[in-house]
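Have a look at the structure below before the remarks.
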Amino acid sequence: MDKLRRTLSGNENYDEDSSTGIFSNLDSSVTLSWSTRIKAFAICFVIGILLSLLGSLALFLNKGLALFAVFYTVGNIVSIASSCFLMGPLNQLKKMFASTRIIATIMVIVMFFLTILAGAVYKKAGLSLLFIIMQSLAMTWYSLSYIPYARDAVKKTVTSCI
């Protein structure tokens, strides 16, 4: 369990005495135990999935595509935010905006914004659907950035199909 904790926190060579600086002091001042972090992650992740499913239910109950777009997007945001419990918000932001995935992260954030804008503000069903599809593709590409060589495999597969 300690190895998992060190890996998720991005600190393979974890040594409490060697940590200096404001960010490491802030990170060490977190009072949540590891089991509490796991439980909070699971609860937050499940809430995100439930919000997405609730949006799907609203779609089938003829409540509209706009309501689906909002619930689906908020569910995705909550699901991504759940990983902050595992690695901490600062480390999560560092990993999200690392040079290997900064474009994917920006695309996901832009698609979140555009989906909510089209669904909640303008209530345009067609535009909401387009942004939901683009959001799903952006989330997939972002998620693949955490798996070594996954994006390269997808690129090769798509180019061989074309």
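The values are calculated or read from the model by the stated rules, or taken from the named source; none is laboratory data. Only a predicted model underlies this, so the values are computations on that prediction, with no experimental measurement involved. All Cβ positions, even for glycine, are placed from backbone atoms using ideal geometry, and neighbour counts span all protein chains on display.
Quick one: in segment 78-101, of everything that is free of Cβ contacts under 8 Å to residues at least 60 places away in the same chain and over 13 Å from the mean Cα position of the chain (by Cα), which residue is surrounded by the fewest Cβ atoms within 10 Å (Cβ to Cβ)? Here the residue is SER99.
Residue under question is LYS155, and the condition is that it be surrounded by 14 or more Cβ atoms within 10 Å (Cβ to Cβ), of a type outside the set (A, V, I, L, M, F, W, C) and part of a helix (DSSP H, G or I); does it hold?
Numbers: surrounded by 14 or more Cβ atoms within 10 Å (Cβ to Cβ): no; of a type outside the set (A, V, I, L, M, F, W, C): yes; part of a helix (DSSP H, G or I): yes.
It is false that LYS155 is surrounded by 14 or more Cβ atoms within 10 Å (Cβ to Cβ), of a type outside the set (A, V, I, L, M, F, W, C) and part of a helix (DSSP H, G or I).
Taking only segment 110-149 into account, find how many residues are exposed (fewer than 14 other Cβ atoms within 10 Å of the Cβ) and of a type in the set (A, V, I, L, M, F, W, C). Qualifying residue count for the region: 5.
Can you give me the number of residues within segment 105-134 that are in contact with a helix residue (DSSP H, G or I) (Cβ under 7 Å, 6 or more places away or on another chain) and more than 17 Å from GLY64 (Cβ to Cβ)?
Within segment 105-134, the subset in contact with a helix residue (DSSP H, G or I) (Cβ under 7 Å, 6 or more places away or on another chain) is 105, 107-108, 111-112, 114-116, 118-120, 123-125, 127-129, 131-132, 134.
Filter once more, keeping what is more than 17 Å from GLY64 (Cβ to Cβ): 105, 107-108, 111-112, 114, 134.
Count: 7.
The helices (runs of 4 or more DSSP H) falling completely within segment 9-122 that include 3 or more residues that are among the hydroxyl-bearing types (Ser, Thr, Tyr) and at pLDDT 80 or above map to 34-60, 65-82.
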